Amino acid sequence: MKDEKERAASDAAAEHNAHLDFHDPRLFRDLLGQHDQHVKILQHALDVSIRVRGSALEIAGDPIQVELASQIVRQLYGLLEKGYPVYASDVDYAIRILSGDSRAKLQDIFLDTIYISAHKRTITPKSIAQKAYIDAIRRYDIVFGIGPAGTGKTYLAMAMAVAELMKNNYVRIILTRPAVEAGEKLGFLPGDLAEKVNPYLRPLYDALHDMVDFDRAHKLVERGTIEVAPLAFMRGRTLNDSFVILDEAQNTTPEQMKMFLTRLGYGSKAVITGDATQIDLPAGKPSGLKEAWRILKGVPGIRFVTFTEKDVARHHLVQEIIAAYERDDNQTAARNILEKA
């Protein structure tokens with residue numbers, strides 16, 4: 001009985017409390033979220049207790065987690081003061097960012113507006129890697145974005161391209177990706193060549209229509225101001241004054257990658273995106289993305305930005321799924337090494 005009391009007293013002593021006051025009741029309500037949703041996300045993610053007292057928060061729990069929760073809350077409130085609307089997803093991103101780097105400043109990341117989409121939604125980076133990525137696109141003429149699906153590689157590049165086009169910094173946008181057969185032969189699909197490759201280009205059209213309303217996007221495509229085409233259509237061309245995005249670059253061959261990179265003309269910028277773990281090329285065929293990473297990594301003027309599952313900007317379970325598959329791949333590789341030994 002005495003041991004239990006001593007343990008309880010020890011736990012109570014180890015628990016830390018923080019009291020945070022907020023002066024603006026309206027912003028404080030936005031900070032809490034609908035039905036205190038933001039508070040619940042913080043409690044669940046950081047294993048702390050948060051109580052609402054008027055326009056104040058009382059946070060209790062492990063000292064390190066309480067300090068982290070306090071920092072997240074203060075920085076989110078600072079975003080609200082700057083007019084940034086905080087959503088539940090932003091709370092998730094804030095937890096990821098500050099858990100990984102307690103010195104990070106959310107305002108430097110979230111307030112870096114890239115573009116206002118057709119749906120009046122502000123497109124901004126949501127992680128340190130995404131911020132580094134868009135900064136690299138601004139500074140360098142060739143940028144590689146490498147990482148798992150859902151990290152915003154293509155979406156952010158397209159937002160940057162559309163924003164630059166609207167500022168008349170480029171004459172056209174070219175969106176391209178290799179039409180690699182991933183389990184379904186092109187020859188068995190109905191229609192002419194354009195209809196056969198269209199399914200491969202659909203994700204690019206979807207992202208485009210999310211940023212520019214359908215009618216305007218259609219007119220831009222009709223005029224050739226925005227071109228969406230399979231990679232094979234790039235051969236023999238010189239791309240001047242263009243913002244060029246190569247998507248799914250892991251499915252290029254080394255020859256295709258070299259062909260694409262040497263198309264770049266005066267006044268142009270290229271962003272190459274891909275996931276080196278999702279290669280659909282035939283077994284034994286090297287990936288042009290991996291080869292480019294190896295060959296070009298030290299070349300001045302070319303920037304490589306890598307993403308991890310922590311940068312996933314989709315449903316929170318996507319991050320867990322990617323991590324689980326990576327663990328399984330590592331375990332399989334370890335077993336194979338042991339079996340060969």
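The table below lists the values:
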item	result
Conditions (1) among the hydrophobic types (A, V, I, L, M, F, W, C); (2) out of contact with any Leu (no Cβ under 7 Å at 6 or more places or on another chain); (3) in a strand (DSSP E or B); (4) under 18 Å from R172 (Cβ atoms); number of the one not met by I245	(2)
Check on K310, open to solvent by 100 Å² or more (accessible area, probe 1.4 Å), in contact (Cβ under 8 Å) with a residue 60 or more places away in the chain and farther than 21 Å from N251 by Cβ	yes
Total residues in region 226-244, condition open to solvent by 30 Å² or more (accessible area, probe 1.4 Å) and under 20 Å from P203 (Cα atoms)	3
Number of positions in region 265-294 that are over 25 Å from the mean Cα position of the chain (by Cα) and under 23 Å from I134 (Cα atoms)	3
Residue pairs meeting the criteria (Cβ under 8 Å; at least 6 apart or on separate chains; first closer than 20 Å to K120 by Cβ and open to solvent by less than 70 Å² (accessible area, probe 1.4 Å), in region 157-172; second among the β-branched types (V, I, T) and assigned to a loop (DSSP other than H, G, I, E, B))	A159/I114; M160/I114; V162/V212; A163/I114; L165/T225
Qualifying positions in region 92-148 - open to solvent by 20 Å² or more (accessible area, probe 1.4 Å), assigned to a loop (DSSP other than H, G, I, E, B) and not aliphatic (A, V, I, L, M)	D101, S102, R103, K105, D112, T113, H119, K120, R121, K126, Y140, D141
Out of R216, R223, sole residue that is among the charged types (D, E, K, R), farther than 18 Å from R177 by Cα and modelled with pLDDT under 90	R216
Contacts under 7 angstrom Cβ, first residue in region 53-73 being under 21 Å from L106 (Cβ atoms), partner open to solvent by 70 Å² or more (accessible area, probe 1.4 Å) and of a type in the set (K, R), 6 or more apart	none
Test: K290 is of a type in the set (D, E, K, R), touching a Pro at 6+ places or on another chain (Cβ under 9 Å) and assigned to a helix (DSSP H, G or I)	yes
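Here is a yes/no grid of residues against (1) modelled with pLDDT of 90 or more; (2) among the β-branched types (V, I, T):
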| position | (1), (2) |
| --- | --- |
| R139 | yes, no |
| V143 | yes, yes |
| I146 | yes, yes |
| G150 | no, no |
| A161 | yes, no |
| M166 | yes, no |
| Y170 | yes, no |
| I173 | yes, yes |
| A179 | no, no |
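The values are calculated or read from the model by the stated rules, or taken from the named source; none is laboratory data. Everything numeric here is computed off the predicted structure, so don't read it as measured data. As a convention, Cβ positions derive from the backbone with ideal geometry for all residues, glycine included, and neighbour counts pool all protein chains shown. The area values use the complete protein model at the heavy-atom level, side chains included, leaving out ligands, DNA and RNA. Shrake-Rupley method; radii C 1.70, N 1.55, O 1.52, S 1.80 Å.
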